[in-house]
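The values are calculated or read from the model by the stated rules, or taken from the named source; none is laboratory data. All of these numbers come straight from a predicted model, not from anything done at the bench. Note that each Cβ is placed from the backbone with ideal geometry, even for glycine, and that neighbours are counted across all protein chains shown. Side chains included, ligands, DNA and RNA excluded: accessible areas come from the protein's heavy atoms. Shrake-Rupley method; radii C 1.70, N 1.55, O 1.52, S 1.80 Å.
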Amino acid sequence: MSGAVEALLAAVREGRVPQVPGLVAVLGPAERRACVPVLRELRKEARGDWSKAAGQRMGALLVAGAGCHSGAAGAATWIGGRDFAGRSWARHPALGQVVEAQPEEWQIDVVGRLAAKRGSGWSWDLYPLIERVVRRTGCPVPASDDFTAEWLRSAAGADRGPRGAADTLLERLRADTFTPVLLPRVFELDEVGWPLDARYSTRPGDSWPEAIAGLAGSPEFDRADLVDLCVARLVRGGRPADQKAFLAVLAALAPAPAEYAARVRDLLAMLDGLSTVAAHAQQALAGLDEAGLVEPEVLTEASAVVLFRSEKKLVRAQLAWLEQAARRSPERSGPVVLAAAEAFGHPDTVLQERALNVVARRLKAAGEGVLPELRLAARSLDPAHHARAGELFGAPVGGGEDDDTAWSELLPPVPVPAPLGDPLATPAEVAEELAVLLASGRSDVALFERVLDGLVRHAHQDRAALAGALEPVLRTNPWHDVGRWQDCGPGEVLYVAAAVAGLVDPHRRGSGFRNRGEHPLGGDHHTVYGAVFAARLFEAAERVTTDRPPLLLATPTDATGAVEAAALVERLAAYEAVGAAVGKADLSAALLRVAPTTGAAVLAAADRLASPAGRWAARWLREGGLPAQSSARVLFAPGPEARPAQRYWDRWWEVVKRVAVTQTGSGGGPAGPAGERLEPGFWALLDGTAPTVDRARKQNEWLWEPSPHWAAMLPHHREEQAARWLDWFADSADRDRRGVGRMIVVLAEGGGPAGLSLHLALAYGLGARFPEDRTAAVDALLVLAARGDLDGALLGRELGELVALGTVKPNRLAHSLATTADTGAYGTVWSVLATALPALLGGEVPRGTVDVLAVAADAARRCGARGEVAGVAEVAGRPGSSRLVKQARVLREVLAG
């Protein structure tokens, strides 16, 4: 190896990035090729090392490898490697120097390949390199999604100069040769709302909407094309932030009535989009209708879409448009009243009344020919409006055989847990399922448990054959130490597979996840659930390399994580038959998962077990396993002093008002014959819960989110799980946390009592900020009701308290319960609202309560509820005709029969 090569490799090892281009430049083609294998080995050694020195080496490796690859394909693969992402070495001038030293054709080929990378293969750090080469060589501008998105973000940010001296964005775009190619592509991108919405100064043309409008009609851009691109994007739909940004572009383009008239079908399609987009389209169509630039049928088509939307502002505007059209042209009154009657089926009774008023005012001009259709539509009106509709349309409304007051509660079928299925039959199946888990199945409890069980079973049967089957998977997914902030989870089953293949030695200190904590799998940032994962996986890895047990005791028999008592007894008997020792972590996990049983045959079979583990399991089953924990309700609210049964919870950044639960702990369940207890990590799952941030931070649960795997560790103790996670559920209601609803469904489908904690979790979910979480909470409510586990009065009382505290907003609660009622569960909804309403109506009524009253009135009417509810009569008796008072009167009349 020549001295020049040695000098380059020394500079790489020492991380002397600025010197690398000069050292590469003196090498000949053969010397550069000889460096490549050594650079690859150095790169492999540097992986996983995040020290400063290793970072410098990675930068030097990037530059050296780019200069030593003679082929464009190899150089692009090297420069775009994920190992180099995250440290911005691709932006270092040294990389540009070695690239610019290559032939121009090579440079063009390399940057073309880099620009074409997608997803995780693309790094925003590549953009400056690609941009410089493209501008210098004049080659075709890349138009990939990622390159275009980076151009969008950087177009206004490069060297804007002193304040007041920089060009505006419009001026920069006019001068940029990339603009004609990339600007049309911007309209096809997702997640561009933030850069499009940015304003760089108060000067005209220094925001994207104004700049795009300024380019319309220029030699490079036809105005009609830009309007078409913008309208087409709004019709396509997408993320709200994107839609709002493109709507701002359309507003800046300010199409004239004639331009909108040529795009009527697009405007009608926009009525079904985001509410702000629909409002814009509605306003444009109304203006066209007033100017006589559209056919009258357009109003009818628009009404058919808008009057079924939930946004009340849109519905009111549509009804106003209908009445204005009939006022301008009385001959249109017939179609107008029939279109307005579409709103008779709207869930908001106040909007029903508004639509009825429009029909009443235009009915005379419409003529008697519309009455049959209006009588039919009036059946959808709330009963409070039946009398007036009957007078208007000359026939009684409601009370017939098809009246919807003939109530029958509709609930979904009780969900049956999916069985886990037979064990994986061959080593090839184990390898295939492991690959699926690592690729996309980490939230799948059944998949993880089947893979772990398969690794243990087939290591017992033929470890060499299993190692051979795992080789391709381990080559693609090599085992690396878990990162500092990563909790132990299902993906770390890869550690067990690596132990089977002999790639790690679980018996050597430091070969596990990290050389910290109680065992090699421990870590400072494990949750109690991560510690259980770690204990199970480490024990399995140790045993597949030593005594190789025949199977795992804790493998669930269904997807909830539960282990049938008969299956546990059979597995323990199998262990005794071959004289195998039971793993402590495996047995602890199995005991926490085993289903309670009173079956005489199962208990008798358990009593025949002779091993210490078998006798402990028999005692556990006879004594019922873990006892349920006692709960106490705690209210957190700010104030100068704590009232009885109240505490004030100061989180580290704010004071919150919440209802929480404390639990005393279960005591760990029955002990074994020799005093055996659950392993310490498993015992922590059963600790009492105290709703304090200090405890949450100590357990590290504030860093992570609950998963189905966590619930599967205690499948018969959903109440205890809900208590532990209650602060997380509450975040969905009074903070911006997203995605909690799925775990409420998991708990609802789990086993064990459904008490205060679970009902509180459900209450927070019904008041969650994000619609998808509220929908999931509705699913959980219906599951509990179908299983007979829902205490409607308890849920109603807690909801009333949370609304009074301001934690749950009434409009969100109304949306959730209206969705529940729409499934046919009117009695269930009324059982909740009957106890929630007194808290909402007592004292100052929170804003949005009228929507809850509307849902309550509909549910009470449909399920035939009667009697008095505290607060309803008082509100109904108030003077005036506000929406709240009107809706309270409707409910009072329904309850009076």
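Some observations on this one:
- Against the list (1) closer than 30 Å to Ala211 by Cα; (2) over 33 Å from the mean Cα position of the chain (by Cα), the condition Pro296 fails is (1).
- Within the range 597-620, the set of residues being outside any helix (DSSP H, G or I) and surrounded by fewer than 16 Cβ atoms within 10 Å (Cβ to Cβ) comprises Thr598, Gly599, Arg608, Ala610.
- If you go through the range 708-722 and keep only what is open to solvent by 10 Å² or more (accessible area, probe 1.4 Å), in a helix (DSSP H, G or I) and in contact with a strand residue (DSSP E or B) (Cβ under 9 Å, 6 or more places away or on another chain), you end up with Glu719, Glu720.
- Hey, Ala320 part of a helix (DSSP H, G or I), of a type in the set (Gly, Ala, Ser) and either touching a Leu at 6+ places or on another chain (Cβ under 7 Å) or more than 18 Å from Gln283 (Cβ to Cβ) (or both) or not: no
- Cβ separations smaller than 6 Å between residues 6+ apart or across chains give the following pairs from the range 661-689 residues that are more than 17 Å from Pro612 (Cβ to Cβ) and part of a strand (DSSP E or B) to residues that are open to solvent by 30 Å² or more (accessible area, probe 1.4 Å) and at pLDDT below 75: Val661/Ser631; Thr662/Ala632; Thr662/Ala690; Gln663/Ser631.
- Of all the numbered requirements in (1) within 35 Å of the chain's Cα centre (by Cα); (2) open to solvent by 30 Å² or more (accessible area, probe 1.4 Å); (3) hydroxyl-bearing (Ser, Thr, Tyr), Tyr127 misses one, and that requirement is (2).
- Residue match in the range 539-551 (condition: surrounded by fewer than 21 Cβ atoms within 10 Å (Cβ to Cβ), of a type in the set (Lys, Arg) and modelled with pLDDT of 90 or more): yes
- Only one of the numbered conditions (1) outside any helix (DSSP H, G or I); (2) modelled with pLDDT of 85 or more is violated by Gly157, and that is (2).
Residues are listed down the side, and each one gets a yes or a no for (1) within 24 Å of Leu726 (Cβ to Cβ); (2) under 28 Å from the mean Cα position of the chain (by Cα); (3) surrounded by fewer than 24 Cβ atoms within 10 Å (Cβ to Cβ); (4) hydroxyl-bearing (Ser, Thr, Tyr):
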residue: Gly824; (1), (2), (3), (4): no, yes, yes, no
residue: Ala836; (1), (2), (3), (4): yes, no, no, no
residue: Gly842; (1), (2), (3), (4): no, no, yes, no
residue: Ala856; (1), (2), (3), (4): no, no, no, no
residue: Cys863; (1), (2), (3), (4): no, no, yes, no
residue: Arg883; (1), (2), (3), (4): no, no, yes, no
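- Checking Glu570 against (1) at pLDDT 95 or above; (2) within 28 Å of Pro478 (Cβ to Cβ); (3) not in a loop (DSSP other than H, G, I, E, B), the condition it does not meet: (2)
- In the range 451-470, of all residues being touching a residue at least 40 places away in the same chain (Cβ under 8 Å) and under 22 Å from Val578 (Cα atoms), the one that is surrounded by the most Cβ atoms within 10 Å (Cβ to Cβ) corresponds to Leu455.
- Qualifying residues in the range 677-704 (those that are buried (at least 17 other Cβ atoms within 10 Å of the Cβ) and among the acidic types (Asp, Glu)) - the one modelled with the highest pLDDT: Glu679
- Failed condition for Val416, given (1) touching a helix residue (DSSP H, G or I) at 6+ places or on another chain (Cβ under 7 Å); (2) among the β-branched types (Val, Ile, Thr); (3) at pLDDT below 95; (4) within 24 Å of Asp558 (Cα to Cα): (1)
- Helices (runs of 4 or more DSSP H) enclosed by the range 26-87 - at least 1 residues per element that are more than 43 Å from the chain's Cα centre (by Cα): 29-46, 52-68
- Evaluation of Glu353 against (1) at pLDDT below 95; (2) more than 19 Å from Gly394 (Cα to Cα); (3) not in a loop (DSSP other than H, G, I, E, B) (one fails), failing number: (2)
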